[in-house]
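Each remark here refers to the structure printed beneath this line.
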């Protein structure tokens, strides 16, 4: 099995068993966003999480090793076509420079880590239309001079 085989198997089992990402995450004791990302092949699973995921979903044993492999994080560099992903791309395009300016004004010259990082997706019910709340929480990493 390779990473794509495991991801396809996870999607098939998720659909067949009518599971949610939240339910899978709860079953293995990890966050919903992290679990989904790991199942999509963008994060490596620690041994315990990989074992729990394989057992919970009934994946072949060899999937444990694949889930624990360090991924090469790559994606298509073209403009995304999926409307939801495109809107996030648009947010970064419109507000990226603004975020950079505000973050560097508050913290100094540096970046937000995507390694020492967590993310939550929440829903706020609103009579004018439900709201999506994305919380990105990354450690500030200052640039060093030497």
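All of 53, 88 fail the test of being at pLDDT 90 or above, part of a helix (DSSP H, G or I) and not assigned by TED's automatic domain parsing to the domain that holds residue 24, apart from 88. What are the residues in segment 6-21 that are surrounded by fewer than 14 Cβ atoms within 10 Å (Cβ to Cβ) and either assigned to a helix (DSSP H, G or I) or touching a strand residue (DSSP E or B) at 6+ places or on another chain (Cβ under 6 Å) (or both), if any? Once the filter is applied, which keeps residues that are surrounded by fewer than 14 Cβ atoms within 10 Å (Cβ to Cβ) and either assigned to a helix (DSSP H, G or I) or touching a strand residue (DSSP E or B) at 6+ places or on another chain (Cβ under 6 Å) (or both), segment 6-21 yields 8, 11, 12, 15, 16. When residues in segment 25-41 are screened for being surrounded by fewer than 16 Cβ atoms within 10 Å (Cβ to Cβ) and under 18 Å from residue 4 (Cα atoms), 1 of them pass. Among the criteria (1) under 27 Å from residue 133 (Cβ atoms); (2) out of contact with any helix residue (DSSP H, G or I) (no Cβ under 8 Å at 6 or more places or on another chain), the one residue 34 does not fulfil is (2). Residues that are out of contact with any helix residue (DSSP H, G or I) (no Cβ under 9 Å at 6 or more places or on another chain), in a helix (DSSP H, G or I) and more than 30 Å from residue 12 (Cα to Cα) do not occur anywhere in segment 73-83.
Going residue by residue through segment 92-101, is there one that turns out to be in a helix (DSSP H, G or I) and modelled with pLDDT of 95 or more?
no
The values are calculated or read from the model by the stated rules, or taken from the named source; none is laboratory data. Being a predicted model, the structure only gives us computed values, none of them experimental. Neighbour counts run over all protein chains shown; Cβ positions are idealised from the backbone, glycine included.
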